[in-house]
Amino acid sequence: MNTNSDYFAMVKDCSNINDEYDFFDLVIAHTGNYVSRNKFLSWFKLLGEFIPAEHLYQPYTELLGDIHVVKGREYYSDFFKPDILEKIRKVNRHDTVENPKLISLLDNEGYLTVYLGHCGKTLHNCNSWTLKKEDAIHMGAIYALFQKSPEFYCVTGKVKLNDVIASINVRGRDEVIVLPKNVSNKTKDFFDYSDDKVPQWWTWWA
């Protein structure tokens, strides 16, 4: 980690972030030309609260979409701190309640159907929901692979667009970011783990 003087200089520089000079430019300018994914994540943890709200959504979604199932997970909860969510909700309408794709998927009662694959005992910190069940099943299989679980499950639920925090695309997989408490009518389907449920793209993403 850099010295305190470097940190305070970066905090001060956050006020200069604009359309031409974003969070990533700032980190590179202060730390060097090569910055790893985890370094960007660690600096976002330290600087996120200082980024102007109107320029927060882009690094928020880009970094959140780049967090690996294992690598970088220690930073995941930092994206859901109340102060960060408050700022995100002020600037996310274009990608949530005004998102034409999401609007087209609403049912007759105005709910979006979402899916989540996992094998943990609870849905704690499970905030990334897919728009396709098959993608959720793939992710459930990946979690089962890492956690050496003989089975996994896919949760199906309903959510209002007002409760969607962000909409992101992760390696061709459309996801919406929603806190589990805001997903209603949740049901679970259980699956036995098998290698054929792990998607081919996982071999190069791992």
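The values are calculated or read from the model by the stated rules, or taken from the named source; none is laboratory data. What you see is a predicted model; the values in this text were computed from it and never measured.
State yes or no: is LEU47 aliphatic (A, V, I, L, M) and within 13 Å of the chain's Cα centre (by Cα)?
Values: aliphatic (A, V, I, L, M): yes; within 13 Å of the chain's Cα centre (by Cα): no.
Judged against the criteria, LEU47 is not a match.
Which of the residues that make up the range 53-69 are assigned to a loop (DSSP other than H, G, I, E, B) and either aromatic (Phe, Trp, Tyr) or more than 15 Å from SER42 (Cα to Cα) (or both)?
LEU56, VAL69
Return the total of residues in the range 188-200 being within 22 Å of the chain's Cα centre (by Cα) and either modelled with pLDDT of 90 or more or assigned to a strand (DSSP E or B) (or both).
1
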